[in-house]
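What follows is one structure encoded as C-alpha cells, with my remarks underneath.
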Amino acid sequence: MRSLPRVAALLTLVCPVVATAESAQTLTKRDQQVLTKTLLHLVESGESNLTDFDPAGTQVLLAPRNPRKTDFLQPLQLKTDLRDQKVDPALMEDVLARNSSRQLNPRSLDAVDASFKRFKPPAGVVVTEVPNGARGMRGIGELQALYPAARCWVQCYLPGYSGDGNQALVRGLIGPTHRRGSVTCLLKREHGKWSVVWQMITRYH
C-alpha cells in the first residue's frame, strides 16, 4: 500500500506529457512553404469566386486552426470530390494520418489540434477567426466589413506528403458560401521549390 502514492505521482507526471504530445501539432517549415503557395494560388488564380466575397478580392483569410473533424479527409469523400483527378493514395493516407486524433478511439473522426497562429503569412494572407456555419450570413457580413478586400476564407488541414517528400496534398474548407465548400491542392517540389500542379474547389449542394 505504501507504493500507491509513488504510482499516483508517476501517473500525474506522465499523463500530461501524453496529452500534450497529442495536441501539440505545429506547422513545420515545409508546411509553411506549401500553405503559402496554396493560399497565394487562391488569390492569383481567381478560382475562388464560388464564395459570397468579391471575386476580385486580393486577400485570403486563414482560420487559426484546422477543422475539428476529419470527415473531409476520408478516402470516399476525397475520391467523390476529386472525381477523375488522380492522387497518389499515399498522399491521401498521410494527410488523414497527420490530422487524425485516434489515441482513444481508432474510429474517431476527431482531428488533432493544429494551430496556425504562428504561421508567418505572405502579403495577401491574413490569419483571423472566420465564422462557422452556425453564425450564418450575419457572421459573413461582419467579416466582410472587417476585410473588404477578402476573396475567401480557408480553414486548412495539415498538409500530407509523399514518401519521397516531393509531393504535397493540401485540403481545407472554403467560404463563405450558403453551403459548405472544400478546396484541394496538389503541389510538387522541384529544385527545392514548391509549385501548384492543380487546384480544385468543390461545392456541396
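The values are calculated or read from the model by the stated rules, or taken from the named source; none is laboratory data. Quick caveat: nothing in here was measured; it's all calculated off a predicted structure. All Cβ positions, glycine included, derive from the backbone under ideal geometry; neighbour counts span all protein chains shown. Surface areas here come from the heavy atoms of the whole protein model, side chains and all, with no ligands, DNA or RNA. Shrake-Rupley method; radii C 1.70, N 1.55, O 1.52, S 1.80 Å.
Details
- Computed log₁₀ I(q)/I(0) - Debye formula, equal Cα scatterers, no solvent, the stretch 29-203, q 0.13, 0.20 Å⁻¹: -0.61, -1.47
- Under the convention that each Lys and Arg Cβ holds +1 and each Asp and Glu Cβ holds -1, the size of the dipole of the stretch 29-203 around its Cα centre is about 300 debye.
- The stretch 166-205 shape via C-alpha gyration tensor axes, a/c threshold 1.5: prolate
- Straightening the chain between THR28 and VAL126 buys 33.4 nm, computed as 0.36 nm per residue apart minus the Cα-Cα spacing.
- Rounded if a/c under 1.5, otherwise prolate or oblate - the stretch 138-203, Cα gyration tensor axes: prolate
- For the stretch 29-203, the per residue solvent-accessible surface stands at 51 Å², with DNA, RNA and ligands left out and a 1.4 Å probe.
- Heavy atoms of HIS41: accessible area, 1.4 Å probe, square angstrom to 10: 50
- Long-range HN-HN contacts of VAL112 with modeled amide H, under 5 Å: SER100, SER101
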